[in-house]
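Comments concern the structure below.
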Amino acid sequence: MSRRIALSVAAGVVVLGGAGAYALAYAGEQPPALSDSSVRYTAPQGDRDGSLTFVTDVTASSGVKSLKVLAWPEKSALGKDAVTEKEMADVESAVCEPAGGDTVRCTYKVTVTAADAADSPRGAWHVAALATARDGSTALDREAASFTRR
């Protein structure tokens, strides 16, 4: 092999190795990501309470610290002005369990009483979710899932 070819091959290996290292470093800095989100609303009936259950998968290379969840009616102040991370800071958290690799499955479940339902508007509702990774990065999905309250 000529010297020129050997130097070209060596330079190519260095460039590809550097690009691979950069890609791995960049991948490690990705914010958390939500996927496969779903919501189920069951209205109270008679003397039986209803429920609201939100489930989502959260992936974060540094690990997931928390997932905050807020259900909000479309015809409200939150429907006019987008939900912010600051507003999400004080809402309830979901329970997250390992789901393999860097992913956890988070479930938020709340009981809906007849009094709760009477005080809540009918129509379209959305679920906002704020995921926080262990490295402090965040991801806010203002409409992670939607349902209709009849």
**Under 24 Å from the Cα of residue 65 - lysines, other chains or at least 8 residues apart** = 86, 109
**Request:** Show which aspartates and glutamates lie in cross-link reach of residue 75 when reach means a straight Cα distance below 15 angstrom and same-chain residues fewer than eight apart are skipped.
**Result:** 119, 143
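Given R₀ = 25 Å, FRET efficiency for residue 113-residue 77 by Cβ-Cβ distance, to 0.05?
Efficiency, rounded to the nearest 0.05: 0.60.
When ligands, DNA and RNA are left out and all protein chains stay put, how many square angstrom of accessible area per residue does segment 57-101 have with a 1.4 Å probe?
Per-residue value: 60 Å².
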**Request:** Pull out the extension gain between residue 53 and residue 90, defined as 0.36 nm times the separation in residues minus the alpha carbon to alpha carbon distance; nm, one decimal.
**Result:** 11.4 nm
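The values are calculated or read from the model by the stated rules, or taken from the named source; none is laboratory data. Because the structure is predicted, anything quoted here is derived from the model rather than measured. Note: ideal-geometry Cβ built from the backbone for every residue, glycine included; neighbour counts use all protein chains shown. Note: areas computed on protein heavy atoms with side chains; ligands, DNA, RNA excluded. Shrake-Rupley method; radii C 1.70, N 1.55, O 1.52, S 1.80 Å.
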